[in-house]
Amino acid sequence: MKSKTEVKKPGTVLSSQKIKGLKKIIRGKNCNLRRFRTEEPQLEKILLELFNEVEILPFLNREYTSNNTKRKIRAWLRKKADHPVEVWYTIRHGRICAGYICFKWRKHFDGACEISTAIGKDYRGLKLGFESSKLMIDHLKSLEIFPHLVAYVHIKNKKAANNIRKLGFAKSNRLHGLITKQFYGEPAKKSGDRIYDLYATNGKN
């Protein structure tokens, strides 16, 4: 990757409320992405299912899955619907909420943004994960804000790794250390000790 990762200087914090061109709805052929709303029963239902699904718990961020009751999910949604450094979308398959996708960065660091997604159990196999990710990646590149787009993939999640490669991402040991330190305040683990691999692609067209 040729683009240079930069750390924003204090006083120049990138805020989600100030990103120009950020869409509330991103339309695709098989699915649409729609910004989170605080009152969404379908979204609450799919999140409750996802955050309690034992099989995928290792693949999801513990920050999300710890919100595993209706009360916790509603409080969590209020925070995420209008967050300064996170932008969350529902994945809509027709009138159905099939999952979520988001991108996020840090107040002190916008040299990259992390993309995260999950599809409900009943809607897997419809290529919604791939299409929603493609829609999000294309939209982010059109904004031309972040030098890098990154995604953490559990080392055992081979399907997600294959999909992310098809979307133009490649495993990046060089960025793994930098991004993990800036995003999570800790160094990246050595390759033999890692639970997640970091994949990255250029964030600008």
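Overview of results
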| read-out | value |
| --- | --- |
| Residues of the stretch 47-80 that turn out to be surrounded by fewer than 16 Cβ atoms within 10 Å (Cβ to Cβ) and within 18 Å of S15 (Cα to Cα), as a count | 2 |
| Flag if L14 is modelled with pLDDT of 90 or more, surrounded by 14 or more Cβ atoms within 10 Å (Cβ to Cβ) and either of a type in the set (D, E, K, R) or touching a Leu at 6+ places or on another chain (Cβ under 8 Å) (or both) | no |
| Some residue of the stretch 118-134 being surrounded by 21 or more Cβ atoms within 10 Å (Cβ to Cβ) and more than 19 Å from I56 (Cβ to Cβ) | no |
| Test: residue in the stretch 153-165 that is among the hydrophobic types (A, V, I, L, M, F, W, C) and part of a strand (DSSP E or B) | yes |
| Tally of residues being closer than 23 Å to V13 by Cα, of a type in the set (S, T, N, Q) and loosely packed, with under 14 Cβ neighbours inside 10 Å across the stretch 136-187 | 1 |
| Count - residues of the stretch 89-117 that are within 16 Å of I25 (Cα to Cα) and open to solvent by 10 Å² or more (accessible area, probe 1.4 Å) | 5 |
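The values are calculated or read from the model by the stated rules, or taken from the named source; none is laboratory data. Given the structure is predicted, the values throughout are model-derived calculations rather than measurements. Here Cβ is always computed from backbone atoms with ideal geometry, including for glycine, and neighbour counts include all displayed protein chains. Keep in mind that these areas ignore ligands, DNA and RNA; they rest on the heavy atoms of the full protein, side chains included. Shrake-Rupley method; radii C 1.70, N 1.55, O 1.52, S 1.80 Å.
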